[in-house]
Amino acid sequence: MLNRPPFPMLTSDPRQARAAINAARFTGRRTGVVMTMGALHDGHLSLVRGSVAQNDFTAVTLFVNPTQFGPREDFARYPRGLDQDRALLAELPVDLIFAPSVDAMYPEGFSTYVEPPRVARDWEGAFRPGHFRGVTTVVLKLLQILPADHAYFGHKDYQQALVVRRMVTDLDVPTQIEVLPTIREPDGLAMSSRNQYLSSDDRTRASAIFRALELGARLVREGERRRTVLATRIRHALTEAGITEIDYLALVDPQTLVEADELPAGGIALVAARVGNTRLIDNRVLDATDPVLPS
Ligand code: AMP
């Protein structure tokens, strides 16, 4: 505490960010990075706390990455609030905030992208074409700028965590990927920057996603493993609560994200649904006997 300045260093310059983390690494400090799109909430802050607990130096990135948004998605209206994010991070405390401009990350002439792994193909990958290509590209770029020992991701974006893990393995990136539990509102709704879009009616309805996933977990605890039965019951719980625009409800193997007739060991439910104008995603390990990543 005594050695830390009151506010974390803030830079938008990739070279300055790399110099700062390298200065820490070259003096033998363990380093962690948390990548976010800003509009920070307790879900993000739990990742930051995880990094602060495990490392001597923590960097947080704030960057609304245009390449992971589709043309009809919410890039332009995605919430942004650097001052509030800085104040929240100052309390933790963090050592470095990297908040680049779009031009700094994608300057004139930029044209190299990372082809995402196989596990990116279905679910979010199918409903958001190009999304994971944007994610893998920006995550690899950020890990080149901030070559930390550990990078922290949320279970909330489960498929994303698998995609990133596979990418760092396949591309020999030495950073270790840590996946931390989903942080929820008191009624169970997974925290998300996009929850701000929900009207108060939508906000009430949105908590049914958590309850439907809980129902799935209870049915599995009671011995049900047939995918169609589980999927029908979970889907019914959603529609009963007024959540009818379901992009997907998938009961999958926790490593391959492939569906089978019987729920596999460690089986997980992935869901994406629209509540009002807001698209929400969530997931829950249904078969808690053998979780692959902590839930
Ligand atoms: P985002 O700013 O939405 O791109 O999220 C940045 C990181 O925070 C990702 O690794 C997310 O999985 C993680 N995250 C977002 N929401 C939550 C949450 N409710 N609980 C835990 N992690 C989260």
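The values are calculated or read from the model by the stated rules, or taken from the named source; none is laboratory data. Small disclaimer: the values here were computed from a predicted structure and weren't measured. Every residue, glycine among them, receives a Cβ derived from its backbone with ideal geometry; neighbour counts consider all protein chains shown.
Details
- Of all residues in the stretch 201-210 being more than 16 Å from the ligand (Cβ to nearest atom) and touching a residue at least 12 places away in the same chain (Cβ under 8 Å), the one that is farthest from residue 261 (Cα to Cα): 201
- Note on the stretch 240-264: among residues that are of a type in the set (Asp, Glu) and either over 24 Å from the mean Cα position of the chain (by Cα) or not in a loop (DSSP other than H, G, I, E, B) (or both), the one that is surrounded by the most Cβ atoms within 10 Å (Cβ to Cβ) is 247.
- Criterion: over 30 Å from residue 283 (Cβ atoms) and not hydroxyl-bearing (Ser, Thr, Tyr) - qualifying residue of 95, 85: 95
- Yes/no for residue 162 being in a helix (DSSP H, G or I), within 15 Å of the ligand (Cβ to nearest atom), under 12 Å from the mean Cα position of the chain (by Cα) and hydrophobic (A, V, I, L, M, F, W, C): yes
- Just one of the listed residues (198, 189, 213) is over 28 Å from residue 288 (Cβ atoms), within 16 Å of the ligand (Cβ to nearest atom) and either modelled with pLDDT of 95 or more or under 19 Å from the mean Cα position of the chain (by Cα) (or both), namely 198.
- Pick from the stretch 165-180, criterion in contact with a strand residue (DSSP E or B) (Cβ under 8 Å, 6 or more places away or on another chain) and outside any helix (DSSP H, G or I), ranking: nearest to the ligand (Cβ to nearest atom): 180
- Matching residues in the stretch 101-111 - criterion: being touching a residue at least 12 places away in the same chain (Cβ under 8 Å), outside any helix (DSSP H, G or I) and either under 19 Å from the mean Cα position of the chain (by Cα) or surrounded by fewer than 17 Cβ atoms within 10 Å (Cβ to Cβ) (or both): 101
- Checking each residue in the stretch 134-159 for being part of a helix (DSSP H, G or I) and acidic (Asp, Glu) picks out only 157.
- Pairs, first farther than 14 Å from residue 63 by Cα and touching a residue at least 12 places away in the same chain (Cβ under 8 Å) in the stretch 126-143, second of a type in the set (Asp, Glu) and not in a helix (DSSP H, G or I), C-beta under 6 Å, six or more apart: 127/247
- Out of 93, 116, one residue alone is in contact with a Phe, Trp or Tyr (Cβ under 7 Å, 6 or more places away or on another chain) and either outside any helix (DSSP H, G or I) or surrounded by fewer than 14 Cβ atoms within 10 Å (Cβ to Cβ) (or both). It is 116.
- Of the strands (runs of 3 or more DSSP E) lying entirely inside the stretch 1-83, those containing at least 1 residues that are out of contact with any His (no Cβ under 8 Å at 6 or more places or on another chain) and within 16 Å of the ligand (Cβ to nearest atom) are 31-36, 57-62.
- Residue check, residue 202 over 30 Å from residue 17 (Cβ atoms), out of contact with any Lys or Arg (no Cβ under 8 Å at 6 or more places or on another chain) and surrounded by fewer than 21 Cβ atoms within 10 Å (Cβ to Cβ): yes
The rows are residues; the columns are (1) under 22 Å from residue 284 (Cβ atoms); (2) surrounded by 20 or more Cβ atoms within 10 Å (Cβ to Cβ); (3) polar (S, T, N, Q).
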site	(1), (2), (3)
140	no, no, no
143	no, yes, no
154	yes, yes, no
163	yes, yes, no
166	yes, no, no
179	yes, yes, no
191	yes, no, no
